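The values are calculated or read from the model by the stated rules, or taken from the named source; none is laboratory data. Predicted, not measured: the structure shown is a model, and the values here were computed from it. Neighbour counts run over all protein chains shown; Cβ positions are idealised from the backbone, glycine included. Quick note on the areas: whole protein, heavy atoms, side chains included, nothing else; ligands and nucleic acids left out. Shrake-Rupley method; radii C 1.70, N 1.55, O 1.52, S 1.80 Å.
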Amino acid sequence: PKMIDHKYSDLITQNLPFKLTNGQKATLNEINSDLKSKYRMFRIIQGDVGSGKTIVSLLAIVNVIKSGYQCALMSPTEILARQHYELSKEILGRINLKIDFLSGKTESKKRKDILENLSKGNTDLLIGTHALFQKKIVFKNLGLVIIDEQHKFGVNQRKKLSDKGGNNCDILLMSATPIPRTLTMTIYGDMDISI
């Protein structure tokens, strides 16, 4: 179980230029409840583009990092991953987290520094593309994996990334692809769903 201290996520929420919707609050509560339980979280957030999946995931990230773990956020494209990186720096910048960005295009020296910081536990949050689940990527203490546009990744790719955190790694998937409820239960029957 992660020890959740809401102090930091509350600080971020208070400084947002908007108020969280009831749906966002409910989803965050479901995630926090999973994180605090003795069972591994395997949850998907479904919501339209712009419905606030990212802000909810960033608040969950803060709670996990402040609980002593590292986090990873993986997106299918460099453009999307970079958007997450910029937004994370902007929103999480107030609480001095070390956030790094990694993609296939990251130059060699910078990549080496990132990998070193990651393995020593100096990086709190690593954001990137498919590059995140490569063998050379070693986390000191990975506690949460978030995968955006999760349908663009295969089951093995998701597993390779979450395996880097062992049994203490919770998994949160995000999808903007609307799927009818009956199909959702068939496709995501092994997951908890937040809408």
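Side notes on the structure shown:
- Distance between region 44-119 and region 1-21 - C-alpha centres, whole angstrom: 17 Å
- The 3J(HN,Hα) values that the Karplus relation (6.51, -1.76, 1.60; θ = phi - 60°) gives for region 120-126 are, in residue order, 8, x, 7, 9, 7, 9, 10 Hz. Gly and Pro appear as x.
- Label assignment, P(r) over Cα pairs in 10 Å bins from 0, in percent derived from the structure, set [x] 9, 39, 39, 12, 1; [y] 8, 35, 38, 15, 3, 1; [z] 8, 21, 29, 25, 13, 4, 0: [x]
- FRET efficiency for the pair Lys109 and Lys38, taken as 1/(1 + (r/R0)^6) with r the Cβ-Cβ distance and R0 = 35 Å, rounds to 0.25.
- Charge tally in the Cβ shell below 13 Å around Thr106, where Lys, Arg are +1 and Asp, Glu are -1, Thr106 excluded: +3
- Solvent exposure of the chain, expressed per residue, is 51 Å² of accessible area, with all protein chains present and a 1.4 angstrom probe.
- Mean Cβ neighbour count within 10 Å, used as a protection proxy, ranking 158-167, 127-136, 60-69 highest first: 60-69, 127-136, 158-167
- The H on the amide N of Lys2, modeled in the peptide plane, is under 5 Å from the matching H of Lys36, Ser37, each at least 5 residues off or on a different chain.
- Calculated Rg and Dmax of region 76-165 using C-alpha coordinates, Å: 12.5, 35
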